[in-house]
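The structure under discussion appears below in the form of structure tokens.
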Amino acid sequence: MNKLSNTISEDLTSSFRDSSQRVHELSKDLTDEQFWTRPYSYGNSFGHLTLHLIGNLNHFIGAQIANTGYVRNRDREFSDTNPPGKAEVLAKLDQTLEMVVSAIQAQTDEDWSLETDAVASFAKNRLGVFLRCATHFQSHVGQMIYLAKELSR
């Protein structure tokens, strides 16, 4: 791997790990009930956003780059009325993160620019997929900051 590929791999890995760590930090003082509470009628719960991130990463990176065979049910990410406990969801996030990191580290110099038809609506190549997923993750961490503050009042 050349220097640029190493830099891309290291920085993407750092970004995904930082976002995941932030989810853990923000949720640590939330009870299971608070984790699934929707404090705003127009919004989502912290837990459902976490399920959404897990689904997004497993779909775009897992199924379409790492060939994991993951099949997404996006609607359920936001509407599951019998969700698992907070600890189980956070463990799934950790497993997903390790899959993402493995996929990043498996990319060769040539892989970053491979065209990706399955997600052409928002990314033309693998690097674009990883970048979009990283920014999507960070966007929802921003929402989680507000949810954690509201729920801890």
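The values are calculated or read from the model by the stated rules, or taken from the named source; none is laboratory data. As the structure is a computational prediction, the values presented were derived from the model and not from experiment. Cβ sites come from the backbone with ideal geometry, for glycine too, and all protein chains shown count toward neighbours.
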Residues of region 83-111 being surrounded by fewer than 12 Cβ atoms within 10 Å (Cβ to Cβ) and more than 18 Å from the chain's Cα centre (by Cα), in sequence order, are 106, 108, 110
Per the filter on region 127-148, residues touching a residue at least 40 places away in the same chain (Cβ under 8 Å) and under 11 Å from the mean Cα position of the chain (by Cα) are 130, 132, 133, 134, 136, 137, 138, 140, 141
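Could you grab me the full set of residues in region 121-153 that are aliphatic (A, V, I, L, M) and in a loop (DSSP other than H, G, I, E, B)? I'd like the intermediate steps shown before the answer.
Of all residues in region 121-153, those aliphatic (A, V, I, L, M) come to 123, 127, 129, 131, 134, 141, 144-145, 147-148, 151.
Within region 121-153, 123 is the sole residue that qualifies.
Each row is one residue, and each column tells you yes or no for (1) closer than 16 Å to residue 61 by Cα; (2) modelled with pLDDT of 95 or more.
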{"residue": "110", "(1), (2)": "no, yes"}
{"residue": "121", "(1), (2)": "yes, no"}
{"residue": "130", "(1), (2)": "yes, yes"}
{"residue": "140", "(1), (2)": "no, yes"}
{"residue": "143", "(1), (2)": "no, yes"}
